[in-house]
Amino acid sequence: MEYRLLKSELGHRLSTVTSTNEWIHDAKIPFGSWVIADEQTAGKGRGQNVWQSLGEDPLIFSGKIRLSAAEISLPLLSIFVSSAVLKTIFHFFPEREEDTTVKWPNDIYRRDKKVGGILVQSEFTNGIFDVVIGIGLNFFGNAIPDALKEKASFLSDAALEEGVLERFVNQLVVDLNQSVISLLDQGQVLKDLVWIEDHSLLKHKVIETEWQSRIVRGRVLGIDELGFLLIMTETGEKIELMDTSPKFRII
């Protein structure tokens, strides 16, 4: 089939929108399109959560692509999208390599606080995944709401210079496309997983989560070729996690 990756010429910019994911999901918007917004009034998070853009320089982005379901693992796609965001960050902010990581499966953290989130939504029809990729990134701000001060932070310690946001988005489109292309080459997948694990917040961490209706605790071993998180429990049992639960936490 013909893959429909993001195209630089199919970009849009909106002053305000309810949700960029909802906007780009519209059937009238062709595959390969992407959009950024200056303001989002009802950003989507995972499950019933919402994404709250913070500060004066947020990135609010969504893109729409089409993929063959036979060749793509959605959990792996999610972590590869997260790694693409991280690579773009390092391209423009090399100093962030010291303190910024991916938190499996789809968050960006600076030290121990969240600065970005990724929401991958898909629809499956006749062997095809239609995928919307939503990305929120809080670059810089002067204040964080009290309720989020223990959880959220900003990527940069200074306001963005003029034009940086636009150049960042253009590079992000390139890196997102490359992350999808890498998924089609098993050898490249393994190389990229090594890079991801080297930049993982959970590397060698002990986590606790709900699994099969019970609470388990274990040390993170890594991420497998399908994008599942591997942990070794206290009893020596190896577990594959497809996603986090509301009770997921780092010990």
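The values are calculated or read from the model by the stated rules, or taken from the named source; none is laboratory data. The model shown is predicted, which means the values in this text are computed figures rather than measured ones. Here the Cβ positions follow ideal geometry from the backbone for every residue, glycine too, while neighbour counts run over all protein chains shown. Side chains included, ligands, DNA and RNA excluded: accessible areas come from the protein's heavy atoms. Shrake-Rupley method; radii C 1.70, N 1.55, O 1.52, S 1.80 Å.
Please go through region 24-39 and give me each residue that is surrounded by 18 or more Cβ atoms within 10 Å (Cβ to Cβ) and not polar (S, T, N, Q), ordered by number. Reasoning before the result, please.
Going residue by residue through region 24-39, those that are surrounded by 18 or more Cβ atoms within 10 Å (Cβ to Cβ) are 24, 31-37.
I24, F31, G32, W34, V35, I36, A37, listed by residue number.
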Given (1) in a strand (DSSP E or B); (2) more than 24 Å from V180 (Cα to Cα); (3) small (G, A, S), index of the condition S53 fails: (1)
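Of the residues A70, A84, A42, which is outside any loop (DSSP other than H, G, I, E, B), modelled with pLDDT under 95 and either surrounded by fewer than 21 Cβ atoms within 10 Å (Cβ to Cβ) or assigned by the TED database to the domain that holds I144 (or both)?
On the way: A84 fails: modelled with pLDDT under 95; A42 fails: outside any loop (DSSP other than H, G, I, E, B).
Only one candidate qualifies: A70.
Out of all the residues in region 111-138, which are assigned to a strand (DSSP E or B), more than 10 Å from the chain's Cα centre (by Cα) and of a type outside the set (D, E, K, R)? Break it down into steps so the answer makes sense when it comes.
Of all residues in region 111-138, those assigned to a strand (DSSP E or B) come to 113-125, 128-138.
Pick out the ones that are also more than 10 Å from the chain's Cα centre (by Cα) and you get 113-115, 121-125, 128-132, 138.
Within region 111-138, V115, Q121, S122, F124, T125, I128, F129, V131, V132, N138 meet the criteria.
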Residues in region 97-109: is at least one over 29 Å from R4 (Cα atoms), in contact (Cβ under 8 Å) with a residue 40 or more places away in the chain and of a type in the set (K, R)? no
From the option list G227, G236, single residue qualifying as open to solvent by 40 Å² or more (accessible area, probe 1.4 Å) and either small (G, A, S) or assigned to a strand (DSSP E or B) (or both) is G236
